[in-house]
1. Please work out the Cα center distance from the range 285-316 to the range 128-205, rounded to the nearest Å.
2. Compare PHE344, PHE135 by solvent-accessible area with a 1.4 Å probe and give them largest first, with all protein chains kept in place.
3. What aspartates and glutamates sit close enough to LYS171 to cross-link, taking a C-alpha to C-alpha distance under 18 Å and skipping anything fewer than 8 places away on the same chain?
4. How would LEU94, LEU148 line up by accessible area, probe 1.4 Å, largest first?
5. Given bins 10 angstrom wide, list per bin the percent of all Cα-Cα distances in the chain, short to long.
6. Per the 1.4 Å probe, what fraction of the accessible area of the chain, in percent, lies on carbon and sulfur atoms?
7. Could you work out the helix-only [θ] at 222 nm for the chain, with each DSSP H run of four or more residues adding -39,500 (n - 2.57) and the total divided by the number of residues, to the nearest 500 deg cm²/dmol?
8. What is the set of long-range amide H partners of GLY177 at a cut-off below 5 Å, with H atoms built 1.01 Å from backbone N?
Amino acid sequence: MASKIVFGKWESISLLAVLMSTQIFLGFPRLMVETAGTGAWLLVIYAAVLAMLLFAVIAKLYSPFEGKDIIDIGGLAGGNAGRIITGSIFLLYLIFIVSVSLREYAENMKIIYLNVTPISFVEMFFLAGMIAGAFMGIESIVRLGAILAPVIAVGFFMITFGIYPYYDFSKIFPVLGSGVNNIFLRGFSKVSVFSAISVLFLIAPFLKTNKNFRTTGYASIGISAVMLTWSSLMNILAFDYPAALERLMPVFQMARLVNLGRFFQRVESLFMIAWTVSGFLYLSAVFFFIAYVFRKTFKLEYYRPVIFPFATLVFTISLMPPNVIAATRLEIDYFRNYVWIISFVLPIVVLLIARARIKVLKTGGAENA
């Protein structure tokens, strides 16, 4: 499959930028305020710089493995055991995040429009889209992302520019918010907000060249950093601290404030378009990679037969938290604090082991010759 399908840089950048930025429409701006206070926007910039530096290390280590994904490299590092261990870790990570995200999207939809609808029914609405996206395959998801990414970006920026009458730049002070310690020491783990970069390590065979790999990584982190920083800054300017902590969906609350004359009201409908489109794209893409990683890890010929079993598993896990607060805390306390280990540290370790093994094999071959 990888040899027949090739992505352009725009398609791959669009997909990764959407995967990283879609958290804007959930509780991301509030999470940053919770950690850094009025310095939330500065925390995002710091996390973006860390993500760039870590990706630079990974891109350098990736140079001998052009056209291979992280599971292939895991196989080079440790044979079948290395491939299975690497793939299984990524598989568990993807199942966890898509299950929690499915619950969050469904709960938010229920809060906004479907107050009396059972959460399981709302989730099935999203699950159907995920299954359809997985059946269509990665090429359809990526091409669709390239078309929809500008729509999502335009909708987001229209909302944030539309509430300019509510901006008060005095709310940005103190600039360092809750302090240097929270931003630059405790804030290190917030590099996890760019954890979707791990998808790049799975689509590397579709990009063909290392140049495309590097360009996609740097560009997607940069674009996402702009949108994430902007959302955090606008949240502070519109809702002063600590009131910003009380907004479950800050961007939706911003959309409700937009009122630009008689004919430009009720802009939350614009939010719903951007939110729904980004949500379906995110959930479909991550769910596809669950099936893809499983197929690749265990060397199956096809991935489609496992779609429905994994859909059932994701649906079941997503219903385990008793409420949206429990699901959100699960993401904040575990995913956002530790997933950077899988997204950045694991690839570095696997790449180092693979390079060392290749060097040993070459040295042994040269001595035998």
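1. The range 285-316 and the range 128-205 have Cα centres spaced 25 Å from each other.
2. Result, largest first: PHE135, PHE344.
3. GLU34, ASP240, GLU246
4. LEU148, LEU94
5. 5, 24, 33, 24, 10, 3, 1, 0, 0
6. Of the solvent-accessible surface of the chain, carbon and sulfur hold 68 percent.
7. Computed mean residue ellipticity for the chain: -23000 deg cm²/dmol.
8. Placed amide hydrogens put THR38, GLY39 under 5 Å from GLY177.
The values are calculated or read from the model by the stated rules, or taken from the named source; none is laboratory data. Keep in mind that this is a model prediction, so the values were computed, not measured. We work out accessible area using only protein heavy atoms, side chains counted, and drop any ligands, DNA or RNA first. Shrake-Rupley method; radii C 1.70, N 1.55, O 1.52, S 1.80 Å.
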